[in-house]
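I have placed the structure first, in the form of structure tokens, so that the comments after it can refer back to it.
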Amino acid sequence: MRVAVAWIALVVGGMLGCDEGGGNVACTAEGCNSFCQSQGLAGGTCIEDGSCACTGDWDGGGDGDGDGSLDEVGAGDADADADADADADADADADADADSGDPLEPYRQQCVDAINRYRATEGKAPYSRWREAETCTDGEARSDSETGTAHGAFGSCGEWAQNECPRWGSLEDTVTGCLAQMWAEGPGEPFSEHGHYINMSSTSYSRVVCGFYTTSGGEVWAIQNFQ
């Protein structure tokens, strides 16, 4: 079963670091791993900027190979103003990208638009498209595909949180099926069961970038980075 995976760099008191009992402390491998496990996650890793990145795996549902089921997209009444803002941003992006020449452009924009449509169902402002990090995020997706490790390159583009769709069948699938399954997790705890939704619906971030890499065997690795 195809899976989606989410990481988050914990932000404490406006600073990146490990949170042990509500305090901001220097990140250590033992402290980070312990904290993440206390949150129901697989573990944690200190990354280059000193932050603690927690990780957990979730079943992608559908026709993949996990141990759970995610079949429905989150529902709610769309806020008219949020929809209007998202549509305006999409129109501006379409104009700006008309001559970009980037073969991944349609999927990048579809990805951002899809995330913002989900956010609009909760009346939340749309994420802006983090264009300058697109090439870097493509590189993260390629690196993860080569190591076979989701989030293996996490943090290298300056992101604070990350969702990933590893080994999917097509670019289109990642911006439709994978994002739908992520949002379907819905709100709640622990992060290990709701992490994708939390990253997609957060008010702590203001922008998102969607990166992709297709292997020679046709597998697609897609990353959504948040900041």
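The values are calculated or read from the model by the stated rules, or taken from the named source; none is laboratory data. Predicted model, so just to flag it, every value in this text is computed and none were measured. Cβ placement follows ideal geometry from the backbone for every residue including glycine, while neighbour counts extend to all protein chains displayed.
Counting the residues of the range 160-185 that are in contact with a strand residue (DSSP E or B) (Cβ under 9 Å, 6 or more places away or on another chain) and farther than 22 Å from PRO106 by Cα gives 3. The strands (runs of 3 or more DSSP E) found wholly in the range 128-227 and carrying at least 3 residues that are modelled with pLDDT of 95 or more, aliphatic (A, V, I, L, M) and surrounded by 18 or more Cβ atoms within 10 Å (Cβ to Cβ) occupy 220-226.
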